[in-house]
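Structure, as structure tokens:
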Amino acid sequence: MSGKQKNKLPEWFEGTIYEIGDIVTNPFSGERYELNAEELSMYDLIMGITIMGDIKGWSDEYIDLHQKGLSWFREHNSKAYMVLLD
């Protein structure tokens, strides 16, 4: 993971920022993808919003943040996006 390029998180990001990345598994397909620390941070924010939206309902704030997160992810790692989030 040390060789993976870092992607700067946007100013609006208010989630947990991890120091290192990890391998993430798509729970539906079983496919795995290695994410750097910033990608993992954004992935967890996206998944957290998804869970909260499903539990509490999709407020305008959740929808906006979710869309921003997905857009950032598509721009910074489209291959991982296709494996994990599409």
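The values are calculated or read from the model by the stated rules, or taken from the named source; none is laboratory data. Quick caveat, the model's predicted, so the values are computed rather than measured. With ideal geometry, Cβ positions are generated from the backbone for all residues, glycine too; neighbour counts draw on all protein chains shown.
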**Prompt:** Of these, 41, 2, which one is of a type outside the set (A, V, I, L, M, F, W, C), at pLDDT 95 or above and over 15 Å from residue 86 (Cα atoms)?
**Reply:** 41
**Fill in**
Flagged in segment 48-77 as small (Gly, Ala, Ser), surrounded by fewer than 11 Cβ atoms within 10 Å (Cβ to Cβ) and in a helix (DSSP H, G or I), in numbering order, are none
**Asked** Given 84, 40, which one is in contact (Cβ under 8 Å) with a residue 24 or more places away in the chain and surrounded by 10 or more Cβ atoms within 10 Å (Cβ to Cβ)?
**Response** 84
